[in-house]
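Working notes, structure below.
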Amino acid sequence: MKTIRYIFDVDGTLTPSRQKMDQEFKKFFLQFIKDNKVWLVTGSDYVKTKEQLGSDITENVVTCYNCSGNETRHRGKIVNASGWKLPEECRRWLSDELIRSPFVLRTGNHLEERRGTCNFSVVGRNATLGERKLYIKYDEINNERRDIVNTFNYVFGIESLGISAVIGGETGIDIYPIGNDKSQILDDFNEDDNIHFFGDKMDNGGNDYPLAKMNKCGTNHHVKNWEETYKILREEQ
């Protein structure tokens, strides 16, 4: 009989994007990770994940995969990490995209280096919640991130530098070598594992898509927000 393993994205799945976990849900989830085998996988770095969830969660799941699986931690300690860095020509191209964007608001920290990956944001990682909402609305209408992702992958993809871009979170784009996406964590699982994966970006082009696509024998829960995740988990208990 296969053993159920739970894998969770963080932003938009366990928490509001870039914000702390709801306290009622956290109380439930702390008990959930005591009763079940749970892994986390997120595009964010560990500092941000710990800030959102708390060390009582990040250090008590089986494994916390940060930077789309390019950094692996057990009990808060790094056990594996990528040394990849974004090539300068990609950096220049993204700088030009920032200039070309019709969205006029800039808040700084537009290209955030992470372990084995980086995150690009037109509005910037320093944006307030209100500024983020302005960009989210703009992007929903104009599909700017989708267009940047598609063009980036055409220029730097499999026939060029072998680098991939995907939509991540509500305002960003995650960038890393092809194959170094969230699906790489499946190397730590085996055919006897029945993986239940929860994520909010499972559409093609989203940063949860590669893992969901490779999770062929498990169950993928494509959620709209953390409230839906909470609802599903309560119903399964």
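Stretch ILE158-LYS137 to full length: gain in nm at 0.36 nm per residue minus the Cα-Cα span?
4.4 nm
Among VAL10, SER183, TYR138, whose Cα sits farthest toward the positive end of the charge dipole of the chain (+1 at Cβ of Lys/Arg, -1 at Cβ of Asp/Glu, about the Cα centre)?
VAL10
Relative to the first principal axis of the alpha-carbon coordinates of the chain, what is the inclination of helix 129-142, with its axis defined by its Cα atoms, in degrees from 0 to 90 and to the nearest 10?
70 degrees
Cα axis of helix 144-156 to longest principal axis of the chain: angle in degrees, 0 to 90, nearest 10?
80 degrees
If you put +1 on each Lys and Arg Cβ and -1 on each Asp and Glu Cβ, how big is the dipole of the chain around its Cα centre, in Debye rounded to 20?
Charge dipole of the chain: 460 debye, to the nearest 20.
Calculate one ³J(HN,Hα) per residue across region 15-27 by plugging θ = phi - 60° into the Karplus curve 6.51 cos²θ - 1.76 cosθ + 1.60, and present them in order as whole Hz with x for glycine and proline.
Result, rounded to whole Hz: 9, x, 4, 6, 10, 6, 5, 4, 5, 5, 5, 4, 4.
When the Kirkwood radius is taken over all Cα pairs of region 12-170, what Stokes-Einstein diffusion coefficient follows at 25 °C and 0.890 mPa s, in µm²/s?
Calculated translational D: 143 µm²/s.
On a 0 to 90 degree scale, rounded to 10, what angle separates helix 226-236 from the longest Cα axis of the chain?
Approximately 20 degrees, to the nearest ten.
Quick check: pseudo-label points 7 Å beyond the Cα along Cα→Cβ at ARG146 and ASN194, how many nm apart are they?
Calculated label separation equals 3.5 nm.
Cβ under 13 Å from ILE185's Cβ, ILE185 left aside: what net charge do those residues give with Lys, Arg +1 and Asp, Glu -1?
My count for the surroundings of ILE185 gives -4.
With a cap of 15 neighbouring Cβ atoms within 10 Å, and only residues DSSP puts in a loop, list the GluC sites (Glu not before Pro) found in region 120-219.
Sites meeting the loop and neighbour criteria: GLU159, GLU191.
Add -39500 (n - 2.57) for each DSSP H run of 4 or more in the chain, then divide by its residues: what number comes out at 222 nm, to the nearest 500 deg cm²/dmol?
-10000 deg cm²/dmol
Stretch LYS26-ASN204 to full length: gain in nm at 0.36 nm per residue minus the Cα-Cα span?
That pair, LYS26 and ASN204, stretches by 61.1 nm at full extension.
Between region 124-199 and region 51-83, how many Å separate their Cα centres?
19 Å
Check which residues have an amide H placed less than 5 Å from HIS221's amide H, if you skip close sequence neighbours.
It is PHE197, PHE198, GLY199, by chain and number.
With θ taken as phi - 60° and the coefficients 6.51, -1.76 and 1.60, list the Karplus ³J(HN,Hα) couplings across region 7-13 in order, rounded to whole Hz; mark glycine and proline as x.
10, 10, 5, 10, 4, x, 10
How many percent of the alpha carbon pairs in region 116-158 exceed a separation of 16 Å?
47 percent
Any idea what diffusion coefficient region 88-177 gets from Stokes-Einstein, in µm²/s, Kirkwood Rh on alpha carbon pairs, 37 °C, 0.692 mPa s?
The calculation lands on 250 µm²/s.
Provide MET202, MET21 in ascending order of the number of other Cβ atoms located within 10 Å of each residue's Cβ, fewest first.
MET21, MET202
Which residues does the label zone of GLU51 cover in region 94-129, counting backbone N under 20 Å from a point 7 Å along Cα→Cβ?
Counting only backbone N, you get 106-129.
How high is the FRET efficiency from THR107 to CYS217, r the C-beta distance, R0 41 Å, rounded to 0.05?
Calculated transfer efficiency: 0.45.
With a 10 Å cut-off between alpha carbons and a GNM built on the chain, which of GLY43, GLY83, GLY54 moves the most?
GLY83
Only the coordinates and a few stated rules stand behind these numbers; no lab work does. Note that this is a predicted model, so its numbers are computed, not measured. Using ideal geometry, Cβ is built from the backbone for each residue, glycine included, and neighbour counts are taken over all protein chains shown.
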